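Where a number appears in this text, it was derived from the coordinates with a stated rule and is not lab data. Values in this document were obtained by computation on a predicted structure and should not be read as measured data. As a convention, Cβ positions derive from the backbone with ideal geometry for all residues, glycine included, and neighbour counts pool all protein chains shown.
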Amino acid sequence: MSVISNEDQKINLLGLDQEGLKSFCASMGEKPFRAVQLERWIHRRGAKNFDEMTDLAKSFRAKLAQVAEIKGPEILRDKTASDETRKWLVDVGGGNAVEMVFIPEKDRGTLCISSQAGCAMNCLFCSTGKQGFNRNLTSSEIIGQLWHAEHTLRKDRGVTDENERVISNVVLMGMGEPLQNLEAVVPALNLMLDDHAYGLSRRRVTVSTSGLVRQIDKLAERCPVALAVSLHAPNNELRDKIMPVNRKHPIEDLLAACKRYLKVAPRDFITFEYIMIGGVNDSEEQARELVRLVKDVPCKFNLIPFNPFPGSGLLRSPEQSVKAFSKILNDAGIVCTIRKVRGDDIDAACGQLAGEIKDRTKLAEKRADRQIIIKEITSSSTRSPGEEK
Ligand code: SF4
């Protein structure tokens with residue numbers, strides 16, 4: 001690794017995992033154990049500058065200050081909902097912003113983070129997808145979200161023991177398709193798992209994908225953590241319409257990739273996310289079709305009542321439809337949970353992580369397509385119950 005010495009282009013150590021820090025230290029003529037020291041200062045203790053690192057020689061700290069920095073995210077907004085869900089809006093430059101959300105529960109604290117500014121996958125029900133794609137986040141920007149949230153929450157709660165963690169689970173379910181940005185996501189995952197950084201177990205770190213088949217195999221090779229797959233439809237016909245990725249990677253290929261992933265996964269099931277959209281994918285017949293579809297894949301379902309956002313043109317499933325759908329899965333022996341709506345008074349609920357994206361892709365065309373598809377799927381699903389397919 002070459003060390004950049006230009007004042008304006010210091011290397012941001014935040015995004016280097018242990019291997020990266022070792023290469024960096026080697027390039028400065030320092031021993032590998034210095035990498036572990038740096039990692040602990042940055043991630044376990046939340047150090048923001050090198051002067052704090054009192055067990056490093058002064059001369060090394062001075063050299064570090066010349067070529068490197070620890071640059072965390074710039075926070076534009078920080079809001080806490082009535083249920084204690086907290087959302088940060090992070091400036092990623094160029095007029096773009098991404099979001100991260102902390103969801104506290106009795107027995108855990110989950111942070112949902114973003115991996116891209118915007119998203120190119122254009123899922124019909126997603127507020128992020130509607131805005132288009134701007135760019136991949138860097139490793140520093142991805143792990144920087146955890147770094148900022150963990151150390152801010154520790155400070156707010158008066159936690160001084162560096163071994164005590166507020167955030168016990170991380171999910172890459174915010175803005176973006178993480179598997180489209182694997183080069184930056186993998187070092188960030190390594191840091192989440194590393195005992196000298198956040199020390200989370202693989203089971204508590206979840207990558208969520210819209211279904212990029214080859215990338216699922218790559219994640220299996222490089223850093224197998226828990227996998228969640230956005231399924232959202234029981235057949236290719238409907239999934240093609242609500243998730244364009246399906247036209248390239250149809251459900252059969254996706255389920256085959258899930259089965260391959262299970263051979264190395266830290267959990268013995270795949271989590272399927274299923275957004276419940278009123279009159280689109282929430283009928284009892286569709287639940288039965290889903291049961292048939294996944295019969296060979298050890299899995300759990302997470303049903304997510306759709307969160308309408310401005311201009312979505314879609315409706316949340318009525319509560320009784322969600323319950324009836326869930327019962328059919330449960331009766332077939334599939335563990336199925338219904339996600340509680342959290343933080344909706346600050347737009348932090350699932351699918352509402354919009355951030356602010358200045359899209360440079362063909363957004364107008366995509367918007368026109370959306371309107372056509374929404375019309376199609378909502379009109380084909382306004383049959384009376386007896387007329388279900
Ligand atoms: S649901 Fe996920 S993959 Fe689909 S557009 Fe939204 S952020 Fe992208």
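Overview of results
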{"read-out": "Acute angle (nearest 10 degrees) that the helix 363-380 long axis makes with the longest principal axis of the chain, alpha-carbon atoms", "value": "40 degrees"}
{"read-out": "Segment 186-264: Cα Rg divided by the 2.2 N^0.38 Å rule of thumb", "value": "1.22"}
{"read-out": "Selected from 29, 127, 151, residue furthest toward positive end of dipole (the chain; charges at beta carbon)", "value": "29"}
{"read-out": "Between 0 and 90°, nearest 10: helix 18-27 axis offset from the chain longest Cα axis", "value": "30 degrees"}
{"read-out": "Degrees between helix 139-156 axis and first principal axis of the chain (Cα, 0 to 90, nearest 10)", "value": "80 degrees"}
{"read-out": "Selected from 43, 286, 261, residue furthest toward positive end of dipole (the chain; charges at beta carbon)", "value": "261"}
{"read-out": "Chain lengthening between residue 74 and residue 375 when straightened (0.36 nm per residue, less Cα-Cα)", "value": "104.4 nm"}
{"read-out": "Nitroxide proxy distance, nm - points 7 Å out along Cα→Cβ at residue 247 and residue 65", "value": "5.6 nm"}
{"read-out": "Among 206, 54, 378, residue whose mean-square fluctuation peaks in a GNM of the chain (springs only between Cα atoms under 10 Å)", "value": "54"}
{"read-out": "Residue 27 versus residue 52: modelled label distance in nm, points set 7 Å from Cα along the beta carbon direction", "value": "2.4 nm"}
{"read-out": "Helical contribution to [θ] at 222 nm, DSSP H n ≥ 4, -39,500 (n - 2.57), averaged over the chain, rounded to 500", "value": "-10500 deg cm²/dmol"}
{"read-out": "20 Å-binned pair-distance histogram of the chain (Cα, whole percent)", "value": "27, 55, 16, 1"}
{"read-out": "Cα gyration tensor shape for segment 7-69, rounded if a/c is under 1.5, else prolate or oblate", "value": "rounded"}
{"read-out": "Sparsely packed trypsin sites (Lys or Arg not before Pro) within segment 94-145, loop by DSSP, other Cβ within 10 Å at most 13", "value": "106, 108"}
